There are 2 protein chains.
Amino acid sequence: MTTTTPAMTTTTQADLLSSVLATSRAALEPALRDAVRTRLSPELGQIAQYHIGWADADGRPTSTWGGKLVRPTLALLSARAANGTATDGIPAAVAIELVHNFSLLHDDIMDGDTSRRGRATAWKVFGVPGAILAGDALVAAAGSVLLDADGKGAASAATSLMTATQRMISGQGADVGFERRGDVTLAECVRMAGDKTGALLACACSLGADLVGADPGLVKRLAAFGEHVGLAFQLVDDLLGIWGEERQTGKQVGADLRVRKKSLPVVAALCADGSEELAALYLSPEPLSEPDVRHVADLVERFGGRDWARDEAARQVASAEECLAAAGLPDGVRHEFQEVAGFIVGRRF
Amino acid sequence: MTTTTPAMTTTTQADLLSSVLATSRAALEPALRDAVRTRLSPELGQIAQYHIGWADADGRPTSTWGGKLVRPTLALLSARAANGTATDGIPAAVAIELVHNFSLLHDDIMDGDTSRRGRATAWKVFGVPGAILAGDALVAAAGSVLLDADGKGAASAATSLMTATQRMISGQGADVGFERRGDVTLAECVRMAGDKTGALLACACSLGADLVGADPGLVKRLAAFGEHVGLAFQLVDDLLGIWGEERQTGKQVGADLRVRKKSLPVVAALCADGSEELAALYLSPEPLSEPDVRHVADLVERFGGRDWARDEAARQVASAEECLAAAGLPDGVRHEFQEVAGFIVGRRF
């Protein structure tokens, strides 16, 4: 996963990544638009199209669409990993992207976020009921897309998607529950991150293979690869949520600390011996001042949260590499997996 | 469907209904509790258990549980209709009840309802994020329950459930969309009701048969039966929402008018010639006074909304009877279907 060591990223690699993402977009976009148009009612389809970025609030087509489609690209690769064509993997890719968008739609309501990618969130534009229903419709549509697919593993893939969706929802539920608790252990927090972020990436990396009826051993190794990539991504994201620059993250430095998020580096530090001052500051209900936020960041670092998260991200990347190697893929597909996964976790930290 | 003519309801019939529901509860409750316990995380499971009525807000078991389990009872009957055992139908019944509870959880948030069956709604107790996630988890769990089932029609049943769920969500979306529109046609309104209410009842009446691999013709006839039952129920519910007594409905007389709901009798009257006064009152943004509410009810009646809805409910009941007869079921199962369907639509109107 070369881009985790950014100095090694060459123009050729960047070209490969761009080309993989562009090819996948060309294959996917018509199928994705078709699924939203035919499987959602006009009212809810309009909300979903706005949310995805295809249309403005009045339903007029937009000229640009920002989504990178990394998860569905992994699903197409996984079909090829099992000797299918990318086309065979399209239902898997569409289903993954629908579930991803379902989770974003509901997340924005739950977090009260008013903007996403520089636009008002769907619930701000269409109201909470419409945004809840559009999310519900996307998850039901995702299941149907797979069950209607021709692949001999259609039922197995649908089961895998529903299981991953349940894990993702459980992880989000745990995350919400952690806000009210002062005794979250690091093991619980890692498990929550695996559920919230790892499960859908594991599914994305294996769903196309599952759909084309691949050997269960291969499906399992690809899923394990995706799970490690997801955990690495979450660790990096949590590090950026504390120490990331605004130009990288689009958020203020220390954003996650200000809302007292129980992210992985924070919980790692809270679980260290002698971190009582950190606990007293972070677990109190009083608002944190800006100097407090900086002090909390220093304490998280002093009690090993930053180092642990960096080291753990590196370990997850190494485990992902091992799983990918064990899958015994042809060089071409393996390189593409590495590029896309590197893009997911490869922000500098 | 004898109980639509309440004078005919004899003690024997009431006994049959009680016995059908009690037998089904005994078969279903352990499976339903098991699905919620094993397929939802502890945090979200607690919310679902509170919502269903098994636990209080602190997670302590409650002594009584009010749910009648009519939809899952229909699913068990549909397995028997296809020569399966009631046990064969359990995954279908559990899945239907999980989807039904998913929709109630999200409905309460969307409608801002603060109480259900005399208790605070889940979102009031656990917050909106928890209630959204618990609903999401129930719908994903429902799909998994069917896909994990042994029946040879498991994938077909899962497809049918996802399709019905999508129709139900579309209907709810249309219902929400109608609030902002003054030009809703009766055809649109009937379609919305079919989606919102008919689809899940159609699925309930056919899903057990589908799961045990019944002949598609039988599955189709049972689904058509349920669709008509659903429409009849919705028509009766809409009539009660305007003219129902508080002791029948638990709501104030005219409840639906007060919130300007575009229910079937209202839309039927709005579509009649000469109903301009009704349109002017009902489609204006001004709050309706109590005399206004009574006047609107009179206008809906004068322009034929009440008669149309009564007649249409009777037509739907007759169509349901025809579909059931065409299914060619053994007398025992047919009677039980009639009793449960009669219970659903049989409130006096």
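The values are calculated or read from the model by the stated rules, or taken from the named source; none is laboratory data. What you are looking at is a predicted structure, and each value in this text was computed from that prediction instead of being measured. Note that we place each Cβ from the backbone using ideal geometry, even for glycine, and neighbour counts take in every protein chain shown. Protein only, heavy atoms only, side chains kept; ligands, DNA and RNA dropped before computing areas. Shrake-Rupley method; radii C 1.70, N 1.55, O 1.52, S 1.80 Å.
Quick look at the values:
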| read-out | value |
| --- | --- |
| Charge dipole (the protein assembly as shown, unit charges on Cβ, about Cα centre) - positive-most of B:289, B:12, B:234 | B:12 |
| About the Cα centre, charge dipole magnitude for the stretch A:10-345 (Lys/Arg +1, Asp/Glu -1 at Cβ), debye | 620 debye |
| Average partner coverage of B:164-171, which counts Cβ from other chains inside 10 Å | 6 |
| Per-pair calculated FRET efficiency, R0 = 56 Å: residue A:298 and residue B:148 via Cβ, rounded to 0.05 | 0.70 |
| Averaged over B:122-131, number of beta-carbon atoms from partner chains that fall within 10 Å | 3 |
| Copy-to-copy label separations for residue A:188, where each label sits 7 Å from Cα toward Cβ, in nm and ascending | 4.9 |
| 5 angstrom amide H check on residue A:55, placed H, neighbours 5+ away | A:50, A:62 |
| Most fluctuating residue given options A:122, A:313, A:187, as computed from a GNM of chain A linking Cα atoms under 10 Å | A:187 |
| Karplus-derived HN-Hα couplings along the stretch B:164-172 (A = 6.51, B = -1.76, C = 1.60, θ = phi - 60°), whole Hz, x at Gly and Pro | 5, 5, 4, 5, 4, 5, 4, x, 5 |
| Choice from A:53, A:84, A:226 with maximal GNM fluctuation in chain A (Cα, 10 Å cutoff) | A:53 |
| Where labels lie 7 Å past Cα in the beta-carbon direction, separation of residue A:188 and residue A:289 in nm | 3.1 nm |
| Highest-fluctuation residue, A:63, A:275, A:18 considered, GNM on chain A with Cα pairs under 10 Å | A:63 |
| For the stretch B:10-345: accessible area per residue (Å², 1.4 Å) | 39 Å² |
| Where A meets B: accessible area buried, both sides, 1.4 Å probe, Å² | 2900 Å² |
| Cα-based Rg / Dmax (Å) for the stretch A:23-138 | 14.3, 45 |
| Flagged links, alpha-carbon separation over 28 Å, of B:220/B:262; A:124/B:68; A:124/A:196; A:124/B:124; A:262/B:196; A:68/A:196 | B:220/B:262; A:124/B:68; A:262/B:196 |
| Theoretical FRET efficiency, 1/(1+(r/R0)^6), r = Cβ-Cβ of residue B:326 and residue A:246, R0 60 Å, to 0.05 | 0.35 |
| Nearest-ten-degree value, helix B:331-345 long axis tilted from longest Cα axis of chain B | 40 degrees |
| Shortest-first nm distances, residue A:216 label point to equivalent points in other copies (7 Å, Cα→Cβ) | 3.0 |
| Approximate spin-label separation residue B:280-residue A:125, in nm, with each point projected 7 Å along Cα-to-Cβ | 3.8 nm |
| Surface share of carbon and sulfur [accessible, 1.4 angstrom probe, percent] for chain A | 52 percent |
| Distances in nm from residue B:277 to the matching label points in the other copies, shortest first (labels 7 Å along Cα to Cβ) | 7.9 |
| Residue closest to axis [chain B; rotation mapping onto A; Cβ; Å] | B:155, 2 |
| Cβ-Cβ FRET estimate between residue A:273 and residue A:179, R0 fixed at 30 Å, reported to 0.05 | 0.75 |
| Reachable aspartates and glutamates, given that their alpha-carbon falls under 13 Å from the alpha-carbon of residue A:152 and they are not under 8 places away in the same chain | A:88, A:210, A:215 |
| Residue mean of other protein chain beta carbons inside 10 Å, A:44-50 | 2 |
| Value of [θ]222 nm, deg cm²/dmol, for the protein assembly as shown, DSSP H segments ≥ 4, -39500 (n - 2.57) each, nearest 500 | -23000 deg cm²/dmol |
| Environment charge at residue A:53 (Cβ cut-off 14 Å; Lys +1, Arg +1, Asp -1, Glu -1) | +3 |
| For the stretch B:16-33, Karplus couplings with θ = phi - 60° (6.51, -1.76, 1.60), whole Hz, Gly/Pro x | 4, 4, 4, 5, 4, 5, 5, 4, 5, 4, 4, 6, 8, 4, x, 5, 5, 5 |
| Extension reserve of the residue B:334-residue B:318 stretch, reckoned as 0.36 nm per residue once the Cα distance is removed | 4.3 nm |
| Whole-angstrom gap from the stretch A:263-310 to the stretch A:149-222, using each part's C-alpha centre | 29 Å |
| Per-residue ³J(HN,Hα) for the stretch A:272-284, Karplus 6.51 cos²θ - 1.76 cosθ + 1.60, θ = phi - 60°, Hz, x for Gly and Pro | 7, 4, x, 8, 4, 5, 4, 4, 4, 5, 7, 8, 7 |
